[in-house]
Structure formats: structure tokens, C-alpha cells
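Colleague: For reference, the structure I am asking about is given below.
The values are calculated or read from the model by the stated rules, or taken from the named source; none is laboratory data. Note that this is a predicted model, so its numbers are computed, not measured. FYI the Cβ positions are ideal-geometry reconstructions off the backbone, even for glycines, and counts take in every protein chain you see. Ligands, DNA and RNA are excluded from the accessible area calculation, which covers all protein heavy atoms including side chains. Shrake-Rupley method; radii C 1.70, N 1.55, O 1.52, S 1.80 Å.
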Amino acid sequence: MTAAAFEPVIGLEIHAQLLTDTKIFCGCSTRFGAPPNTNVCPVCLGLPGALPVLNRRAVEFAIRAAHALNCQVNPVSIFARKNYFYPDLPKGYQISQYERPIATSGSVEYDGAGGPRRVGITRAHLEEDAGKSLHEGFADSDTRTYLDFNRSGVPLLEIVSEPDLRSAADAGEFFSRLRAILVAIGVNDGNMEEGSLRCDANVSVRPEGSAAFGTKAEVKNLNSFRHVQRALEYEIERQTQILTSGGRVEQETRLWDATAGRTGSMRSKEEAHDYRYFPEPDLPPLEVSAEWVEEIRRSLPELPDAQRRRFVTQYGLPDYDAGVLTQSAALAAYFEATAAAAGNAKAASNWVMGELTRKMNELGIGVEAVALTPGALAGLIRLVESGTISGPIAKDVFEKMYASGRAADDIVAAEGLGRIDDVATLEAHVVDTIRANEKAVKQYREGKQQTFGFLVGQVIKATGGKANPALVKDLLKKKLDEPD
Ligand SMILES: [Zn+2]
């Protein structure tokens, strides 16, 4: 018996904290990690009579994101009250956008693992974040919950995708592309650990070939790419099993429990009318001029996927290299500067993805904090490309450059690390090596060709890796072939 095949249908709701210095409706700082309840005022504490004033920068960032997501920017959008009570929402409502969001009808297109992908963006809207309930970390946490309102009023852009995603991996890839875009345009720091980028997923399954959607569950609390994938895999399997055994999936909100590796029911899913949305009376309609929207569009940098394609065509890099190098704008810029100075893009790519990345991982730093300039790295690459130093010596020089800040050619000259091309010097090493390896020499002369490579290696080793390998081979061959 073959079970009917089911197809997952997934849409993501992503909350991106906008990188403004101050909150969306007041002048309080958005800085992460401040002592609890120090970045607060009557507005973000929801005290009666306090009035919100919209942060222009938050609107600008929302429009930047809207452009990057190919959305239509609506000239007029409306703030709405989303009414619900929660301890970390002191006003009893959240100011959001509902029927008329700032951006609609967009898409993200990219070359995915399975080929070209296009994922629709339903909408993007501005809203304020709530405070934070602290259920752990205090001596009396078993009986009390503490509240920190520093996050209350931090600007969020909620981005809602179309249900265009068809597997956990597909959703994970889309989320990572979206993150790269938001980081590249400077509106979000992409930091999922600190919660500045959060993801909820709507997921349902349906019999393959069916056009109608199944009943969906909303999975919350997906604060890493791994959690997105694992939670979706779990949820797809759970729903498939229910349907296969003739059951019915409940429409509900489920919470991902990363420790247990499963989702659990949190509450039955609210309908929009449960929130009694109505237009926010304390804020006028948000009007943005066509000129401003256009000005923001012109200021956008190159987006990651376009940059990736350009790296392939302009530098002739493999797609893999292009993908790695365009993961952050800073890394891409570092590579481009290195490639330009070195005059060799593939070598620059190898060094940036290899030794430089290894060093960054070792030190736990991003490329912004790298002490070596692209020009200095290019100097090292030129020494390798010209044959002045060998690959293994270059790695050694790289370490010394990083530690001392000295230029590659200074180190090579001062420490005598340059390649040895001098025939007399090499000949002396060849003679010594032949003398010291009688057995291998005898085997070679008896026809065992493999020992030649061993002997070459011995000569190069004797020169501390500095010998010109081609010259060593020539000289060694000559010596071995002539009678003693
Ligand atoms: Zn405030």
C-alpha cells in the first residue's frame, strides 16, 4: 500500500527590527543590552495621555526594504490599533498597520539551490515591538515574571511572504536570502540571537496536486536558521501523519521547543477580528511623497543576488565563491579591493575564503575588524603569483603580517624567505641529498621512478621550502642520470 503523497505549503512572517537610533514613536534609545527599564518614557510605557510621534527614519528604512523586496510603496498608509492584552504590552494595544500597509505586492528572486526562485511578498508593514517578559534568571522566577520595557516601541518591519515555499529547506533558503538583503541595505543587523530578526512560519500540507490549501498552523519562536528548518520538518511530518491517519489538523499557534525538538500547541489561532483593529486616532495617515520614495530608491546599494551574479561574470569566479563572498557587503567589498590590488580575482577569492576567513573564525571577528588591509593581502598574493614565495611559506608570512602589521615583501626580505633560484646553491643541496639517501638513489637508478618525487621533496625540505621546484627537478635529474 502506498500512502498518498503530501505537499507542504509554507509562508513566512518575518519581524525585522529597523536600525534606528530611537524608537518608532518616542525619542528613547533602541540600544540592545541596556539595564532593564532604562530606555523608557511615558509614550513607550503606554501611560495615559502620552502621544506618539512617528520616527521619520523608521519610515525611510521601511521604504528602503520595500524597494529591495520589489514592493509597491503606498503613498498613503494607515496606522491601526491591534488590541490585545499582554503583560509586556502596557497600552493594551500595539500600533501596527492593517488594511493599508506601507508596502504591498513584492517578490524576492534568486538563484536557489534547486534553480531560479521567485517568492512573492504579500506585504510589509511598520509596527512597534512589545516589551519583554522575563520568566527566568531571578531567585523568585518560579513565582514571578519580570518585565523589561526597553524593547517596547522599537520599530519593526513585518514582512509577510506568499505561501510560495514548498519545503523546510526552501523556507530556510528564502529566509537566509531575505536576511542578506535586509543587512545589505542597512535596515537590520541580522542578529537572530538578540532577536532583531525573528521568524514565524505558517505551514500546512495538502495532497500533492491539490490546489486548495490545507488547514495551517502558525509556528512561533524560530530564532535561528536551523530552528526554522527543524521546526518545519517536524511540523510537516506531524501534519502529514494526522492526515494520513484520517485526522484533522487544528488551526492553532504552536511553539517550537528547540530542546525537545518538537512543536507544541500554544493557543488556538486568533482570527483578525479578535484584535478589533481600528485606525489609530493619535496618528494621522502616513503620506510619503513620490520624490522621497524615488530618492530612497536611488540610494540603494547593489543587492546580494545581483552582486553574486556580477562576481561570476566580472571576475570569472565559480558560483560557490561568489555566494560565499557576497554573504555580507563588507566581505564583498574586502574581496573587491583585494582583487583589484592583486590583479588576480581567483587568487584573491581563495585567500579571502581561505586564510582570512580562518583567521576571522579563530579570532571570532567579522571582516570589519580585520587588521590586515586589502592592499597588504594583495601584496602577499603578488609574491605568490610571481613565484617569489611558495604557498606554504605564504601562509607563514600571512600569520606574521597579521601579527606584526608589516608588509609581505618586508617580511620576506628580512627573513630571507624568497625563493631560491640560484643554481649553485641548489646544486649543493642536490648533491647533499643524493649522498644522504643512497638507498633511494639506488632504487631510482634501478628503475623505481617513484623515488624521484621523494628525493625532490628532500631537497626542497633542506632549503626550508624555498627552493624553486622546477629547478630542483632539472638539477636532480641531471645528477641522478650522470654516473658517479
Ligand atoms: Zn519612550
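Colleague: For Asn344, what is the net charge nearby, where nearby means another residue's Cβ is under 9 Å from its Cβ and Lys, Arg count +1, Asp, Glu -1?
Modeller: It works out to a net charge of +1.
Colleague: Then there is this: Given the Cα-Cα distance of Asp189 and Asn350 and 0.36 nm per residue of separation, how much length would full extension add, in nm?
Modeller: Numbers: separation 161, 0.36 × 161 = 57.96 nm, distance 2.68 nm.
Extending this stretch completely gives an extra 55.3 nm.
Colleague: Can I ask one more? Report the extension gain between Glu7 and Ala337 in nm, rounded to one decimal, defined as 0.36 nm multiplied by the number of residues separating them, less their alpha carbon distance.
Modeller: 114.2 nm
Colleague: To continue, here is another question. Treating the stretch 124-190 as a set of equal point scatterers at the Cα positions, no solvent, please give the Debye-formula log₁₀ I(q)/I(0) at q = 0.13, 0.19 Å⁻¹.
Modeller: Relative scattering, expressed as log10 I(q)/I(0), comes to -0.61, -0.88.
Colleague: Okay, moving on. Can you work out the PRE-style zone for Asp432? Point 7 Å along Cα to Cβ, and I want the residues of the stretch 447-484 with backbone N under 11 Å.
Modeller: Answer for this model: 459-464.
Colleague: What is the angle, in °, between the Cα long axis of helix 225-244 and the longest principal axis of the Cα atoms in the chain? Nearest 10 is fine, range 0 to 90.
Modeller: 60
Colleague: Taking the dipole about the Cα centre of the chain, with the C-beta of Lys and Arg at +1 and of Asp and Glu at -1, give me whichever of Asn344, Ile296, Gly453 is farthest to the positive side.
Modeller: Gly453
Colleague: Using 1/(1 + (r/R0)^6) with R0 = 41 angstrom and r between the beta carbons of Lys442 and Ala414, what's the FRET efficiency to the nearest 0.05?
Modeller: Once the sixth-power term is evaluated, E becomes 0.50.
Colleague: Mind checking which lysines have their C-alpha under 22 Å from Lys395, skipping anything on the same chain fewer than 8 residues away?
Modeller: Within the straight-line cut-off, Lys395 pairs with Lys346, Lys359, Lys461, Lys466.
Colleague: Around Ala130, under 15 Å between beta carbons, what's the net of Lys plus Arg minus Asp minus Glu among the other residues?
Modeller: Residues near Ala130 contribute +1 overall.
Colleague: Let me ask something else about it. Multiply the residue separation of Thr259 and Glu368 by 0.36 nm, subtract the distance between their alpha-carbon atoms, and state the gained length in nm to one decimal.
Modeller: Once the chain is fully extended between Thr259 and Glu368, it gains 35.9 nm.
Colleague: Enter the Cα centre distance for the pair the stretch 420-484 and the stretch 109-123, rounded to the nearest angstrom.
Modeller: 58
Colleague: Right, next: Mean residue ellipticity at 222 nm from the helices of the chain, using -39,500 (n - 2.57) per DSSP H segment of n ≥ 4 over the full residue count, to the nearest 500 deg cm²/dmol?
Modeller: After summing the helix terms and dividing by the residues of the chain, the value is -12000 deg cm²/dmol.
Colleague: Moving to a separate point now. Cα gyration tensor of the stretch 56-179, axes a ≥ b ≥ c as square roots of the eigenvalues: rounded (a/c below 1.5), prolate (a/b > b/c) or oblate?
Modeller: Details: a/c = 2.74, a/b = 1.50, b/c = 1.82.
Oblate shape, in that a/c is at least 1.5 and b/c is the bigger or equal ratio.
Colleague: Using a ≥ b ≥ c from the Cα gyration tensor of the stretch 116-259 (square roots of the eigenvalues), is it rounded, prolate or oblate, where a/c under 1.5 gives rounded and otherwise the larger of a/b and b/c decides, a/b for prolate?
Modeller: It comes out oblate by the Cα gyration axes.
Colleague: Right, something else. Report the one residue of Gly131, Leu47, Val9 whose Cα lies farthest in the direction of the positive end of the charge dipole of the chain (charges on C-beta: Lys and Arg +1, Asp and Glu -1; origin at the Cα centre).
Modeller: Among Gly131, Leu47, Val9, the one farthest towards the positive end of the dipole of the chain is Val9.
Colleague: Quick one: angle between helix 451-462 and the longest Cα principal axis of the chain, in degrees between 0 and 90, rounded to 10, please.
Modeller: Here the helix axis deviates by roughly 80 degrees.
Colleague: Where nothing but the Cβ of Lys and Arg (+1) and of Asp and Glu (-1) is charged, how large is the charge dipole of the chain around its Cα centre, in debye to the nearest 20?
Modeller: It comes to approximately 680 debye.
Colleague: When the Kirkwood radius is taken over all Cα pairs of the chain, what Stokes-Einstein diffusion coefficient follows at 37 °C and 0.692 mPa s, in µm²/s?
Modeller: Numbers: Rh = 27.0 Å.
Estimated diffusion coefficient is 122 µm²/s.
Colleague: What is the sum of charges, Lys and Arg at +1 and Asp and Glu at -1, for the other residues whose Cβ falls under 15 Å from the Cβ of His429? Display every interim value, and only then the final one.
Modeller: Working: positive: Arg419, Arg435, Lys461, Lys466, Lys473, Lys477, Lys478, Lys479; negative: Asp421, Asp422, Glu427, Asp432, Asp474.
Net charge in that neighbourhood comes out at +3.
Colleague: State whether the stretch 242-308 is rounded, prolate or oblate according to the following rule on the C-alpha gyration tensor (a ≥ b ≥ c being the square roots of its eigenvalues): a/c under 1.5 gives rounded; otherwise a/b larger than b/c gives prolate, and the remaining case gives oblate.
Modeller: Note, shape of the stretch 242-308 comes out oblate.
Colleague: Going 7 Å from the Cα of Ser289 toward and past its Cβ, which residues in the stretch 25-57 have a backbone nitrogen under 19 Å from where you end up?
Modeller: In the stretch 25-57, the label zone of Ser289 (backbone N under 19 Å from the point 7 Å along Cα→Cβ) covers 54-57.
Colleague: On the accessible surface of the stretch 84-210, probed at 1.4 Å, how many percent belong to carbon and sulfur atoms?
Modeller: For the stretch 84-210, the apolar C and S fraction of the accessible surface comes to 48 percent.
Colleague: Now for a different question. Which of the lysines could be linked to Lys91 by a straight reach, that is with a Cα gap under 20 Å, when you skip same-chain ones fewer than 8 residues away?
Modeller: Lys23, Lys82, Lys132
Colleague: What residue among Asn70, Gly33, Leu372 has its Cα farthest toward the positive end of the dipole of the chain, where the charges are +1 on Lys, Arg and -1 on Asp, Glu, each on the Cβ?
Modeller: The Cα lying farthest towards the positive end belongs to Leu372.
Colleague: On a 0 to 90° scale, report how tilted helix 469-481 is relative to the longest principal axis of the chain, with both axes built from alpha carbons and the result rounded to the nearest 10.
Modeller: 30
Colleague: I need the P(r) histogram for the stretch 214-355: all alpha carbon pairs, bin width 10 Å from 0 out to the longest distance, whole percents.
Modeller: Spelled out bin by bin, the stretch 214-355 gives 9, 21, 15, 24, 22, 9, 0 percent.
Colleague: Sequence neighbours fewer than 8 away in the same chain don't count; with that in mind, list the aspartates and glutamates whose C-alpha is under 12 Å from Lys400.
Modeller: Within the straight-line limit of under 12 Å, Lys400 reaches these aspartates and glutamates: Asp409, Asp410, Glu415.
Colleague: Can you give me the accessible area per residue for the chain, using a 1.4 Å probe, in Å²?
Modeller: With the other protein chains kept in place, the chain gives 49 Å² per residue.
Colleague: Okay, next question. Roll a 1.4 angstrom probe over the protein heavy atoms and tell me the percent of accessible area of the stretch 397-460 that is carbon or sulfur.
Modeller: Exposed carbon and sulfur together represent 52 percent of the surface.
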